[in-house]
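Asks: Take this structure, written in C-alpha cells, and hold onto it; I'll ask about it next.
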Amino acid sequence: MELAIRGGAKAVTADASEQWKRPVDEEKKAVCELIDRGFLSGAGHGPPKEFEDEFREYIGCKYVLSTSHGHTALASAFFAAGLGAGDEFIHPTLGGYIGSYAGALHMGATPVFCEPDPKTLLADPQDIAKRITPKTRVLAPVHYNGRVCDMDALLGLCEKHDLVLVEDAAHAHGCEWDGVKIGNLGHIACFSMQGIDPGNKPVTAGEGGILCTNDRELYERALVYCHLHRKIPEGDELQNPVYAKLEAQFLGWKWRAHPLGIAVARVSLKSLQARFDNYVANREQLREKIAGLPGIEFVHTYPKAKGAELYQGMKLLYDAEALGRLSRERFCEALQAEGVPMQPSGFRDMEHLRSIFTEDMPGLWGKGHPGPANIPLPRYKKGDYPIAETLNDTILSMVGWIQAADGLIEQVGDGIRKVVEQHKKLL
Ligand SMILES: Cc1ncc(COP(=O)(O)O)c(C=O)c1O
C-alpha cells in the first residue's frame with residue numbers, strides 16, 4: 001500500500017488518544033471531604049500520614065516522607081546524605097534535570113556530570129566510575145522516564161567508595177529492580193507527584209513529592225531538614241538525640257505536602273499498579289510488532305529492570321544509516337502521516353549546557369558571590385560530553401497507552417513497518 005505521505009491510505013484509523021480516564025468524581029469526593037473536615041494543613045498525622053503509610057506499604061520500604069515537591073524531597077535527601085561545600089555528586093547530563101539537583105547546588109556541592117549508556121540512555125556506571133574522586137560523596141542517578149538504572153552497578157560503586165545513592169525516582173513509581181520496588185533498594189529514593197493523571201508523574205497530587213528510605217538515620221536527617229512543625233506520631237520519636245533536641249524547630253523549611261494534593265494522590269496511588277501493568281502490556285505488544293525492523297528499536301532495559309514510561313512516553317533509538325541516511329525528521333513526518341504519533345525528539349536540555357555552567361551571569365548570585373552558597377559552579381562547554389550530545393539527535397519519542405482503542409497498537413506497529421519497508425521512497 002502506498003505511503004500516506006505520498007497520498008496512500010493511513011495505517012492508523014483507530015483513535016490514537018489515551019482511553020483511560022482518571023476517576024474525577026472520586027478525586028472531588030476526597031478533596032471535598034477534607035474541606036468539609038477543615039483539614040487543610042498538617043503533616044505527620046491525618047491524611048498525609050495515612051498516605052505515607054499507604055505508599056510505604058506499596059513500596060515495601062521502612063520510612064516515607066511526603067513533601068511539597070519532588071525537588072524538595074531531593075534537597076532533603078542531599079542534606080540527609082551529608083552533602084555540603086567541597087563535596088561532589090555525580091548526575092547524568094542526558095536525562096538529568098536541574099530541579100533534581102538544585103538542592104545540592106544550594107548546599108555548595110559541585111555537580112560532576114556523567115555520560116549515558118548509549119543503549120539505555122541512563123547514567124552509565126562505567127563512566128561514573130571514571131569520575132569518582134576523593135571528593136565524591138553522592139551518586140545521584142535518575143530513573144528517567146520510568147526506566148530503571150543499573151542498580152547492581154550503582155550500589156556496587158557506592159559500597160566500594162563509601163558513597164550515598166540518592167535516586168531521582170521522580171518518574172519511577174512502581175518500577176522494579178530484580179522484583180524489588182524502587183524506593184526499597186538503594187539508600188534514598190525521591191519521587192515527584194507533579195501534575196495530574198494520566199501523562200504526568202505516575203502518582204499525581206498536582207504538586208508533591210515523596211522520599212523513601214530504609215535507613216533510620218537518613219530518614220531522621222531528611223525529616224529535621226524539611227518538616228518544620230511536623231507532628232511526630234507517638235512511638236516514632238526522633239531517636240538521634242541531636243535531632244530530638246531540635247523539637248519543632250527543625251531546620252526551618254516547611255516543605256510539607258498540601259493535604260488537598262495528598263487527597264488526589266491517594267486516589268492516584270490506588271490505580272497505579274493497574275495503569276503500570278496495562279501500559280507495559282501495550283508497550284510489549286508494540287515491541288513484538290516492530291522487533292527486527294532495521295533503523296528503529298526500543299531503548300534497551302537492563303535485564304533485572306521493570307519500568308513503565310508513564311511519564312513522557314516511549315523512547316526509541318533511530319539509526320539513519322540503516323535506512324539509507326533518511327533523516328529522523330523525514331522519517332517521523334512519514335510516520336505522522338500514517339497516524340503514528342512519533343516525534344523526532346530526545347531530551348530537552350543537557351545539564352552541562354545549562355547557562356549557569358556555560359555563561360557568566362553577573363548579578364545572579366548577589367554581590368561578589370561566585371555561585372549559590374558562595375561556591376563557584378564548574379564550567380562546561382559543548383563537546384565535553386560527546387556521547388550524550390550525539391545520542392540526543394538519534395532518539396525518537398512516542399506517547400504510550402494505558403488503555404488503547406481497539407486495534408490501535410496493531411495499527412501503529414503496521415504503520416512503523418510500512419514506513420521502514422518503503423523508506424527508499426522518502427530519500
Ligand atoms: C527527573 C526529575 N527530577 C525531579 C523533578 C522534580 O519534581 P517536582 O517538579 O515535583 O519538584 C522532576 C520534575 O519534573 C523531574 O522530571
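Asks: Hey, can you tell me all the residues within segment 235-282 that are more than 23 Å from residue 70 (Cα to Cα), modelled with pLDDT of 90 or more and outside any helix (DSSP H, G or I)?
Replies: 238, 239, 240
Asks: Being under 24 Å from the mean Cα position of the chain (by Cα) and either aliphatic (A, V, I, L, M) or crowded, with 20+ Cβ neighbours inside 10 Å (or both) is the filter here; which residues of segment 36-57 pass it?
Replies: 48, 51, 52, 55
Asks: Can you name the residue in segment 190-200 that is under 17 Å from residue 307 (Cβ atoms) and more than 7 Å from the ligand (Cβ to nearest atom) and is also surrounded by the fewest Cβ atoms within 10 Å (Cβ to Cβ) among such residues?
Replies: The selected residue is 199.
Asks: Name the strands (runs of 3 or more DSSP E) wholly inside segment 70-149 in which the number of residues that are surrounded by fewer than 24 Cβ atoms within 10 Å (Cβ to Cβ) and more than 16 Å from the ligand (Cβ to nearest atom) is 3 or more.
Replies: Result: empty, no element qualifies.
Asks: Read through the list (1) hydrophobic (A, V, I, L, M, F, W, C); (2) within 16 Å of the ligand (Cβ to nearest atom); (3) surrounded by fewer than 24 Cβ atoms within 10 Å (Cβ to Cβ), then give the number of the only condition that residue 157 fails.
Replies: That leaves (2) as the condition not met.
Asks: Please verify whether residue 183 is small (Gly, Ala, Ser) and away from the ligand (no atom under 15 Å from the Cβ), treating the condition exactly as stated.
Replies: In short, no.
Asks: Restricting the search to segment 13-55, which residues are outside any helix (DSSP H, G or I), free of Cβ contacts under 8 Å to residues at least 24 places away in the same chain and among the basic types (Lys, Arg)?
Replies: 21
The values are calculated or read from the model by the stated rules, or taken from the named source; none is laboratory data. All figures in this text were calculated on a predicted structure; none of them were measured in a lab. We place every Cβ from the backbone using ideal geometry, glycine too, and count neighbours over all the protein chains shown.
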